[in-house]
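Enquirer: Submitted below is the structure of interest, expressed as structure tokens.
The values are calculated or read from the model by the stated rules, or taken from the named source; none is laboratory data. All figures in this text were calculated on a predicted structure; none of them were measured in a lab. Here the Cβ positions follow ideal geometry from the backbone for every residue, glycine too, while neighbour counts run over all protein chains shown. Calculation scope for accessible area: heavy atoms of the full protein, side chains included, ligands and nucleic acids excluded. Shrake-Rupley method; radii C 1.70, N 1.55, O 1.52, S 1.80 Å.
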Amino acid sequence: MTLPELSIKRHVLAWMLSAVLVLFGVISYDRIGMDRYPYIEFPVVSITTALKGANPDIVDASVTNIIESSVNSTPGIEHIQSTSSPGVSVIAITFNLEKKIDVAFNEVQAKVNQVLRRLPKDVDPPVVAKVETNAQPIMWLAVQGDRTQQQLNQYAINILKKRLETIDGVGEVRIGGRRDRTIRVELLPARMAAMSVTAQDINDAFNREHVQLAGGFVVGEKTESLVKLDLEFHSIDALQQMVVGYKAGAPILLRDVAEVIDGLTDNRQLARFNGETTVGLGIVKVTNTNTVAIVDKVKQKIDNELRPQLPPGMQLHIVSNDAVFILEIVNALKEHLLEGTLLAALVVWLFLQSLRSTIIISLAIPVSLMGAIAVIYFFGYTLNSLTLLGLLLLIGVVVDDAIVVLENIFRHREELDADPVSAAVNGANEVVFAVIAATLSLVSIFAPVIFMSGIIGQFFRSFAVVVTFGVLVSLFVSLTLTPMLCSRFLTVREKGHHHSRVHAAIERGFQRLDAFYRRLLGWSLLNRWKIVLFTLLTVGSSSFFFMNVGKTFAPEQDEGRFLVYLRAPLGSSIDYTDSRLKMVEAVLRAHPEIVTEFALIGLGSAGQVNQGTVVARMAPREERRISQQEILPILRKELAEIPGARVFAAPY
């Protein structure tokens, strides 16, 4: 018994099989993440090592070179890139794409552990981490108001950051412009020289006097007590009384040779929103989760909890939001899916001129699409530009098999067998192998893409999986659901039946098209060499157009936001970089299409103060006359005139 015959005789089974595909698709749709592009895992491992106060030459010689020489023997390395900045060494190791990132991480960790004893004593333990390509903030928030920098930092870190991290799907909250509270001891060299006190003496005093020790237990006959040896100073006044040395038998106190200030860490980061100092909070999502849903949850928490509880005079702004453009792309593709389904059904109706036949064939579209959506979920993919493009392509492909099966069953009903069941069985069985061959030919086109290597292979793998499995689902539907529906609902008009005026007009149009094609075919057969020459010219000219057409990884789109990168000369102070950054902000504010600017200095693990970034957001498209692609060249010319720094604008 063939699959079509089984489906026709067990019609409830055919219904349930298709219903299961639809059910899996509906459930999967609610659980699938949503993103702009597929997740691509680059096997990159980073090693970050901090040696506070060291200049780049010392960092390079005593940290970077030692670690780099050790990890260089790790198998599968494609290239190593290292950066030695003031106080920080960052080594990025890129492996071959076939290398498993977990294996690479363990191997690098083992190599780093082998050289820990060769590193300077004051160095912080190296941090080995897997670099995630999509671990960039999907949303930036800005906290500002009539408060000191220390108060803004404390509120952002202790209140806002902790509450945002409790949202489901938020993996990390990064702080931009962070300056933690620090007790600063600013030495006075003149007094130190007068009292013969060195910086090492003060450092030794801290190690000796400002400590906490494990005191153990004091055990009595029936009780025991935990001894707390807390020798730390817990106030500025107490710390100033710390003895750092002796002169002529008299103690030298810390206040005699230094000023103790309740202040902030060194000024190595800066954040500014619309020209005012701010503290930024970057929301990083968990891998393969729904970007749009997470952003909605963050917005809901801000509106319902965070903003109402803000202290008077403090504001919380949304600077940038990836969900806006992602939602725009996804909604546009969803509209195209609906429009494509309706247009495909309309074309089928125009040719078959039967509403029941159109419905039978059109049912293959949602069932196949839902099956493909279930595949997206079970493979761990997201709804993104590539997977939705695959679904869009399936609309025109999945109806092919159903049309072949229905047309042959219709022919049997009309010419050979009036019985609906036997005509459906015989008609479907006749074309089973033809349908399978047509489907496998499509599978043979898209399935090899799954096994492509390199970045392009990873990028298009989800697209190939969706199309391949969607075509296989359409084959299953055409051999089960379509024959069963034809055996029960397909009607054949008797000969001599008069069509409506609409159908008659459509039929006359097809007849004219058929007559025109016959004349064109006859002329082509009489002028064969002309046709061959025209074909060769067409194919030959395509190489010219291919060589001269523009090429890019992804088409330029008007996202309504862009980045401005600034790089001052190496060794520039944060104040100098900030002065150049203010010039950039002035240029941006001169354009009314730009509504917000979020400026950052010292972002990233290296925290280089000679580099800055500005996130610029434009007004909605309907509220401006110039597009993002048009304003970027104008800005590049204006930014190039800023002296003492290299500045350029680029898409987000």
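Enquirer: Tell me the net charge near residue 471. Cut-off is 14 Å between Cβ atoms, residue 471 excluded, with +1 for each Lys or Arg and -1 for each Asp or Glu.
Expert: Numbers: positive: none; negative: 400, 401.
Once positives and negatives cancel, what remains is -2.
Enquirer: To continue, here is another question. For the chain, report the accessible area per residue in Å² (1.4 Å probe, heavy atoms, rounded to an integer). Numbers along the way, then the final one.
Expert: Working: 35470 Å² over 652 residues.
I get 54 Å² per residue for the chain.
Enquirer: With a point put 7 Å past each Cα toward its Cβ, work out how far residue 122 is from residue 627 in nm, to one decimal.
Expert: 5.5
Enquirer: No solvent, one uniform scatterer per C-alpha: report log10 I(q)/I(0) for region 330-412 via the Debye equation at q = 0.11 1/Å, two decimals.
Expert: Debye intensities relative to I(0), on a log10 scale: -0.32.
Enquirer: By a straight-distance test (C-alpha under 19 Å), which lysines pair with residue 52 as possible cross-link partners, with residues fewer than eight away in the same chain excluded?
Expert: Within reach: 121.
Enquirer: So, taking all protein chains as they sit and a 1.4 Å probe, how much accessible area belongs to residue 328, in Å² rounded to tens?
Expert: Here the residue's solvent-accessible area equals roughly 80 Å².
Enquirer: Please work out the FRET efficiency for the pair residue 515 and residue 563, using the Cβ-Cβ distance as r and a Förster radius of 51 Å; give the result to the nearest 0.05.
Expert: Details: r = 60 Å, r/R0 = 1.17.
Efficiency, rounded to the nearest 0.05: 0.30.
Enquirer: For the chain, what is the calculated [θ] at 222 nm in deg cm²/dmol (nearest 500), taking -39500 (n - 2.57) for each run of four or more DSSP H residues and dividing by its residue count? Present the calculation step by step, with values, prior to reporting the outcome.
Expert: Working: 23 runs with 323 residues, N = 652.
Calculated from helices alone, the mean residue ellipticity at 222 nm is -16000 deg cm²/dmol.
Enquirer: Let me ask another. Which one of 354, 148, 84 is farthest out on the positive end of the charge dipole of the chain, using unit charges on Cβ (Lys, Arg +1; Asp, Glu -1) and the Cα centre as origin?
Expert: 354
Enquirer: Run through all the Cα pairs of region 1-107 and give the fraction in each 10 Å bin from 0, expressed as whole percent.
Expert: Over region 1-107, the share of Cα pairs per 10 Å bin runs 12, 24, 17, 13, 12, 11, 7, 4, 0 percent.
Enquirer: Another question about this same structure. Can you tell me what the convex hull of the Cα atoms of region 516-629 projects to on average, as an area in nm²?
Expert: Values: hull surface 55.3 nm².
Mean shadow area of the hull around the Cα atoms is 13.8 nm².
Enquirer: Let me ask something else. How much of residue 314 can a 1.4 Å solvent probe reach, expressed as accessible area in Å² and rounded to 10?
Expert: 20
Enquirer: Please identify the trypsin sites (Lys or Arg not before Pro) of region 548-652 that satisfy two criteria: DSSP loop assignment and at most 11 other Cβ atoms within 10 Å. Which are they? Write out the running numbers ahead of the final one.
Expert: Working: sites: 551, 561, 567, 580, 582, 589, 617, 621, 624, 625, 636, 637, 646; in loops: 551, 624, 625.
Loop-located and lightly packed - 551, 625.
Enquirer: If you roll a 1.4 angstrom probe over the protein chains with everything in place, what fraction of the accessible area of the chain belongs to carbon and sulfur, to the nearest %? All intermediate terms of the calculation are to be shown ahead of the outcome.
Expert: Numbers: 20980 of 35470 Å².
Of all accessible area on the chain, carbon and sulfur atoms account for 59 percent.
Enquirer: To the nearest 10 degrees, how steeply does helix 199-209 sit against the main Cα axis of the chain, on a 0 to 90 scale?
Expert: Once rounded, the angle reads 80 degrees.
Enquirer: Turning to a different aspect of this structure: Mind giving me the nanometre distance, one decimal, between the label points for residue 575 and residue 350, set 7 Å out from Cα along Cα→Cβ?
Expert: The answer from the label model is 7.3 nm.
Enquirer: What's the extension gain from residue 524 to residue 332 if we count 0.36 nm per residue and subtract their Cα-Cα distance?
Expert: On the way: separation 192, 0.36 × 192 = 69.12 nm, distance 4.22 nm.
In short, 64.9 nm is gained.
Enquirer: Quick one: of 130/299; 162/285; 130/162; 99/285; 161/299, which pairs are farther than 18 Å apart, Cα to Cα? Walk me through the intermediate numbers first.
Expert: Details: 130/299 29 Å; 162/285 15 Å; 130/162 24 Å; 99/285 25 Å; 161/299 14 Å.
From the list (130/299; 162/285; 130/162; 99/285; 161/299), the Cα-Cα distance tops 18 Å for 130/299; 130/162; 99/285.
Enquirer: Ratio of region 569-618's C-alpha Rg to 2.2 N^0.38 Å, to two decimals?
Expert: Working: Rg = 11.8 Å, N = 50, 2.2 N^0.38 = 9.7 Å.
Rounded to two decimals, the normalised Rg is 1.21.
Enquirer: Top to bottom by accessible area (1.4 Å), largest first, where do 140, 15 land? Walk me through the numbers before you get to the answer.
Expert: Values: 140 20, 15 105 Å².
Listed by decreasing accessible area, they come as 15, 140.
Enquirer: Of 442, 281, 187, 23, which has the most accessible area with a 1.4 Å probe, and how do the rest follow in descending order?
Expert: Details: 442 50, 281 0, 187 70, 23 95 Å².
Ranked list, largest accessible area first: 23, 187, 442, 281.
Enquirer: Quote the accessible area belonging to residue 166 in square angstrom, nearest 10, computed with a 1.4 Å probe and with ligands, DNA and RNA left uncounted.
Expert: 100
Enquirer: Shape verdict for region 34-157, please, from the Cα gyration tensor: rounded (a/c under 1.5), prolate (a/b greater than b/c) or oblate. Before the final figure, lay out each step's value.
Expert: On the way: a/c = 2.72, a/b = 1.22, b/c = 2.22.
Oblate, because a/c is 1.5 or more while a/b does not exceed b/c.
Enquirer: May I pose another question? Using only the alpha carbons, work out the radius of gyration and Dmax of the chain in angstrom.
Expert: Spelled out, the Cα radius of gyration and Dmax of the chain are 35.1, 128 Å.
Enquirer: How far apart, in nm, are the 7 Å Cα→Cβ label points at residue 191 and residue 534?
Expert: Here the modelled spin labels are 9.7 nm apart.
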